[in-house]
Amino acid sequence: MRIAIVSSQQDSAFSQKLARALRNVGANVWYDEEHQDNDHLSAQARQQIQDRSVYLVVLSPASLVSPWILHATTWAHQLSRTSQRKLVAVPLRGISAFEWTEVFGDFVLIAPNSVTPYASEEAISQTLVQLHLVMPSQLPTVVIFDGHAVASHLKQGQMLLKKEQYVEAIHSLNHARMLMPNAIEIYMLLGYAYARCHKYVQALDAYEQTLVIIPEHADAWLGKALALLALKRYEASLIAFTHMLTVDAWSVRAWAGKGKALALLGRQQEAIAAFEKALFYEPTYTYAQRNLDRIVQGSNSVEISSSEETLQI
């Protein structure tokens, strides 16, 4: 699910938590903090809102007087007339029904009724449920945990990943995992770190642990498919890429990965179609173009991926 979140700068703390919770259950989220209180809608913001099937606005007294949010919402309304698009509003405490109904009255409202909003943590949980990203029974597994020890190990792991110190990052992230075994973010970071170390069996396990918690986590399916491709398990990789595309049909990496798996299985025409699909969504995607050219120029197959090339998909 591809989601655009808009909010006022004053509501950024809540919006960041909401964006993180949505990403933790596999949503592809765009959230722009840089231009929140501008008096116009940037070209980038217009494109991001257009490219996403869910437009979510955080309602508060500040957002109701924000020209940026008004322009963004007007644009989302226009798009909804010509394409299927879900319009969602998450009101915060301090706003009453008559203040928002004129502009946002046709939105799906994440609230127990039209007068009383949820408290912030409940609003996040209910957003996940009402967007059908989790079942109510799954909520305890996707709550963002801020325990001091877990947060410390997680922060250190993220810092080490940025420095490309992957072995050390794995050590820190495994400490965090032992303290909080149901944290999706930790498993996803572990999967990435293991893959960067070319430990694809361990990377595959980390992504599969994520899928046990959230079966339709898009990035976990992508990570699983890439790990299987690196392990030269091409049939299994193709199945994983194909499933990933049922979760996020716009993923250029999944289309390119599917093309790679198909080519390595000798299914060249299907591979061409998959690479062309990736280029349709992202015309400058050099990985897809390079592999497409190999097939079109008469190679019997694309080259078998090196570990580094697989990571570049």
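Here, each number is a calculation from the coordinates, and none is a lab measurement. Because the structure is a prediction, the values reported are computed rather than measured. Every residue, glycine among them, receives a Cβ derived from its backbone with ideal geometry; neighbour counts consider all protein chains shown.
The H on the amide N of Leu59, modeled in the peptide plane, is under 5 Å from the matching H of Val90, Leu92, each at least 5 residues off or on a different chain.
For segment 145-210, the share of alpha carbon pairs falling in successive 10 Å distance bins from zero is 26, 58, 16, 0 percent.
Note on Asp11, Asp32, Asp51: ascending count of other Cβ atoms within 10 Å places them as Asp51, Asp32, Asp11, the fewest first.
Ordering Asp106, Asp219, Asp248 by the number of other Cβ atoms within 10 Å of each residue's own Cβ, fewest first, gives Asp106, Asp248, Asp219. What are the lysines whose alpha-carbon lies under 23 Å from the alpha-carbon of Lys163, with same-chain residues fewer than 8 places away excluded? Cross-link targets: Lys155, Lys199. Per-residue Karplus couplings for segment 193-209, computed as 6.51 cos²θ - 1.76 cosθ + 1.60 with θ equal to phi - 60°, are listed in order as 5, 4, 4, 5, 8, 6, 9, 6, 5, 5, 4, 4, 5, 5, 5, 5, 5 Hz, Gly and Pro entered as x.
Each of His171, His71, His132, His217 has some number of other Cβ atoms within 10 Å of its Cβ, and from fewest to most they run His132, His171, His71, His217. With a threshold of 21 Å on the Cα-Cα distance, the over-threshold entries among Lys232/Lys258; Lys232/Lys277; Lys17/Lys258; Lys86/Lys277; Lys86/Lys224 are Lys232/Lys277; Lys17/Lys258; Lys86/Lys277; Lys86/Lys224.
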